[in-house]
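Nothing in this text is a laboratory measurement; each read-out follows from the coordinates by a stated rule. Everything numeric in this text was worked out from a predicted model, so none of it was measured. All Cβ positions, even for glycine, are placed from backbone atoms using ideal geometry, and neighbour counts span all protein chains on display.
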Amino acid sequence: NAGVTQTPKFQVLKTGQSMTLQCAQDMNHNSMYWYRQDPGMGLRLIYYSASEGTTDKGEVPNGYNVSRLNKREFSLRLESAAPSQTSVYFCASSGDRGPAKNIQYFGAGTRLSVL
Amino acid sequence: RKEVEQDPGPFNVPEGATVAFNCTYSNSASQSFFWYRQDCRKEPKLLMSVYSSGNEDGRFTAQLNRASQYISLLIRDSKLSDSATYLCVVNLNTGGFKTIFGAGTRLFVKA
């Protein structure tokens, strides 16, 4: 009963380092999302993918890239980390049919610190 | 003006109290509405969907007023375990699908 799985749970980076956050879902959802959450700011959408092979920018895409590797996996890459990217990152997925349409299910989050 | 606005709180209430949260949204193209709950250092989880006719789930009641563009959540007989942040969520369909999360309202229920 995994749902949405994110790795890693915690990460500390130095300014300029790169890393990829991994996300996988086992609910056969078409849509997947990456958010960041900062104190007092709520969830802000970085990128989303409405289906395998498509990605679109969200509210705060600068400094990030994404890959929708297949239907299950959606990764987020920081090419050159900056202290402003210190945040909690959540991956989510949602279906597009039935009573659960558009309900987003979240992973446990990745706590990232950039020094 | 934010697209989805909530009172940030915190709301501090004693056990057994009734507490109400309000949320306003600015886009009349909003199609579906939800309340999510987020515990400290955890991910958001769906609490309940909000239907036009209003809906109830145990101690929780959600209401939608499309004319005034607001959503409410009422919690009756508050429990310590209700302490969390409650997020108002609005889905738009304006040519492209869009979900907007409110910043959340923090609730502390005290013994």
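Brief remarks on what is shown
- Local net charge near B:Gln38, Cβ-Cβ under 15 Å (Lys/Arg +1, Asp/Glu -1): +4
- Global size of the protein assembly as shown as Cα Rg and Dmax, reported in angstrom: 17.7, 52
- Only aspartates and glutamates eight or more places from A:Lys101 in sequence, or on another chain, were considered; those with a Cα closer than 18 Å are A:Asp26, A:Glu52.
- Given charges at Cβ of Lys, Arg, Asp, Glu: the protein assembly as shown dipole, positive-most of B:Ser32, A:Cys91, B:Pro14: A:Cys91
- The aspartates and glutamates whose alpha-carbon is closer than 16 Å to the alpha-carbon of A:Lys14, local same-chain residues fewer than 8 away aside, are A:Glu79.
- Alpha-carbon centroids, region A:1-19 and region A:59-110: separation in whole Å: 11
- In region A:14-66, inverting the average of 1/r over every pair of distinct C-alpha atoms gives 12.5 Å as the Kirkwood radius.
- With q set to 0.18, 0.20, 0.21 Å⁻¹, the log10 of I(q)/I(0) for chain A, from the Debye formula over equal scatterers at the Cα positions, is -0.85, -1.04, -1.14.
- Kirkwood Rh (inverse of mean 1/r, distinct Cα pairs), region B:1-50, angstrom: 13.2
- Kirkwood-based Rg to Rh ratio, chain B, C-alpha trace: 0.97
- Across peptide A:40-50, the mean count of Cβ atoms from other chains lying within 10 Å of each residue's own Cβ comes to 4.
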